[in-house]
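Chemist: The structure under discussion is supplied below as structure tokens; questions concerning it will follow.
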Amino acid sequence: MKVVAVVGSYRTGGVVDRVVDEILASARGQGAETPKVFLMDRHIEFCRNCRQCTQDPGPARGTCPCDDDMAAILDELESADALVLASPMNFGTVTAVMKRFIERLTVYAWWPWGRWSPKARNPRKTKAAVIVVSSAAPALLVRLRTNIAGLLKTAAYLLGARTVGVIAVGLAARERHQRLSRGTMEKARLMGRKLVAGSGPGREG
């Protein structure tokens, strides 16, 4: 069992990073392997919109011409049974580094020239995913008035995962080293167990 997290925070040890660590610790307690991809530590080029990766049909991801760390990251995610996608909210959406990562998921779309819109290469969802977001705004406002969680759910979908839970941490900028509530930590541990219990070959949702 393998749970892989992708973290789009600009700093380690922040709110999002600590919530992710709690999820992963809980999953490890259930016997899972839990690597974490911290995007700021990886070399990821901007998508060039060349659409080279979208031309060939088939369920396998397309080949991107960019020479960077993205292929290795996607190999790691494809080997996972479950995913955690996490980002703070900046200017109403995910961070720039997470957005750069998401745009590179175009490799999972089939969009030949002449076709009006892209189509997901593989609609089967055999993985489970948990979404983690944080914001200076109240959590309810983030869920109701922004699409940050929706964007991360779309990324999970392209990666072959169904979202089984969302953790939204609001009012996350009141202190330099923001404390996490007991409720948030308990939910993170629950999500870790849920990822392990709800993932596996052939399971869809």
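The values are calculated or read from the model by the stated rules, or taken from the named source; none is laboratory data. These numbers were taken from a predicted model, which means no experiment stands behind them. When we count neighbours, we look across all protein chains shown, and the Cβ atoms used for this are built from the backbone with ideal geometry, even at glycine.
Chemist: Go through the range 56-66 and count every residue that is surrounded by 14 or more Cβ atoms within 10 Å (Cβ to Cβ) and either under 17 Å from Met98 (Cα atoms) or of a type outside the set (D, E, K, R) (or both).
Modeler: Adding up the residues that qualify gives 3.
Chemist: Could you tell me how many of the residues in the range 12-42 are among the hydroxyl-bearing types (Ser, Thr, Tyr) and modelled with pLDDT of 95 or more?
Modeler: Our first condition is that a residue be among the hydroxyl-bearing types (Ser, Thr, Tyr); within the range 12-42, this holds for 12, 26, 34.
Now restrict to residues that are modelled with pLDDT of 95 or more: 26, 34.
Number of matching residues: 2.
Chemist: May I ask you to list the residues in the range 129-141 that are farther than 14 Å from Ala86 by Cα and touching a strand residue (DSSP E or B) at 6+ places or on another chain (Cβ under 7 Å)? Spell out how you get there, then give the answer.
Modeler: Step one: of the range 129-141, the residues farther than 14 Å from Ala86 by Cα are 136-141.
Within the range 129-141, Ala139 is the sole residue that qualifies.
Chemist: Name every residue in the range 18-42 that is in a helix (DSSP H, G or I) and more than 16 Å from Lys187 (Cβ to Cβ), in order of residue number.
Modeler: Correct list: Arg28, Leu39, Met40, Asp41.
Chemist: Further question on the same structure: Please determine whether any residue of the range 131-143 is of a type outside the set (Val, Ile, Thr), exposed (fewer than 14 other Cβ atoms within 10 Å of the Cβ) and either within 22 Å of Ala161 (Cα to Cα) or at pLDDT 90 or above (or both).
Modeler: No, that holds for no residue.
Chemist: Go through the range 65-91 and count every residue that is farther than 22 Å from Asn49 by Cα, in contact with a strand residue (DSSP E or B) (Cβ under 8 Å, 6 or more places away or on another chain) and not in a strand (DSSP E or B).
Modeler: Selection size over the range 65-91: 6.
Chemist: Shifting gears a bit: Quick test for you: out of Glu45, Glu103, pick the one residue that is modelled with pLDDT of 95 or more, surrounded by fewer than 15 Cβ atoms within 10 Å (Cβ to Cβ) and in a loop (DSSP other than H, G, I, E, B).
Modeler: Only one candidate qualifies: Glu45.
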